[in-house]
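What follows is a short report on a single structure.
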Amino acid sequence: MSHFPLLYSFISGASTGPISVSLAIILGTFFLEDPTTIIVGVLAADGVIPVPLALPSLYAGIITGDIALYCLGWLASTHPRLARYVDHDFTAPFRAWLETRYVLTIFSARFIPGARFPTYTTTGFFRSPLTSFIVIAIGATSVWTTLLFSASYWFGSFTSAWMGPVRWSIAGAFLIALFFIGRHNLLAYRATRDEQGTSDDIHTT
């Protein structure tokens with residue numbers, strides 16, 4: 001989490017006007033969305049960033065980033081060397097698995113740190129319906145980002161008077177714990193997916 005202080009300085013320093021603050025938040029979500037959400041939540045609790053500006057900026061940045069990942073996967077599928085894998089027998093089992101669990105997969109990836117990039121780019125690569133993807137991504141973002149922002153806002157309000165700078169260390173420790181929990185869940189998710197894929201292959205044969 002070495003980028004945490006830099007990200008904090010970047011967002012808190014963009015105080016020349018609401019537009020610059022909003023752009024700083026949006027750019028922050030492109031690089032580190034969960035740390036940005038926590039930082040913005042604490043700064044909102046301190047009165048540095050108004051809540052009506054903070055939350056919409058977070059939503060806009062995160063959802064735009066999700067769509068960008070989808071488009072990145074879609075663009076990859078147009079490359080001559082990769083296009084053949086869109087409907088290839090090698091990827092057919094995984095594509096079928098994704099299609100049967102589309103909503104759950106897209107939604108749950110928001111709650112598993114590290115899962116968003118491979119999941120959303122893969123969705124774009126297989127050219128899943130963009131409209132459905134956007135609707136699911138908006139729903140997942142509205143739940144996860146609101147919860148994380150609210151928790152950060154409460155933490156900032158609770159600790160502002162008696163913990164001072166120490167609270168940022170606690171916030172960083174929380175992010176590290178969140179990362180390892182997400183990593184564990186992602187590995188368990190992949191193991192379950194592989195087991196189900198193997199089981200499906202056995203049944204089809």
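For segment 120-159, give me each residue that is out of contact with any helix residue (DSSP H, G or I) (no Cβ under 9 Å at 6 or more places or on another chain) and hydrophobic (A, V, I, L, M, F, W, C). Across segment 120-159, the qualifying residues are Val135, Leu147.
Does Ile38 meet the test of being buried (at least 22 other Cβ atoms within 10 Å of the Cβ), at pLDDT 90 or above and in a helix (DSSP H, G or I)? It is false that Ile38 is buried (at least 22 other Cβ atoms within 10 Å of the Cβ), at pLDDT 90 or above and in a helix (DSSP H, G or I). Within segment 18-35, the only residue that satisfies the criterion of being β-branched (Val, Ile, Thr) and surrounded by fewer than 16 Cβ atoms within 10 Å (Cβ to Cβ) is Ile19.
From the list Phe94, Phe90, the lone residue that is aromatic (Phe, Trp, Tyr), modelled with pLDDT under 75 and assigned to a helix (DSSP H, G or I) is Phe94.
Have a look at Leu43, Leu55 and point out the one that is under 23 Å from Val135 (Cα atoms), modelled with pLDDT of 85 or more and aliphatic (A, V, I, L, M).
It is Leu55.
Given (1) loosely packed, with under 15 Cβ neighbours inside 10 Å; (2) part of a loop (DSSP other than H, G, I, E, B); (3) modelled with pLDDT of 85 or more, where does Ser128 come up short, assuming only one miss? The single condition Ser128 does not satisfy is (1).
The values are calculated or read from the model by the stated rules, or taken from the named source; none is laboratory data. Since the model is a prediction, treat every value here as computed from it, not as a measurement. Glycine gets a Cβ as well: all are built from the backbone with ideal geometry, and neighbour counts include every protein chain shown.
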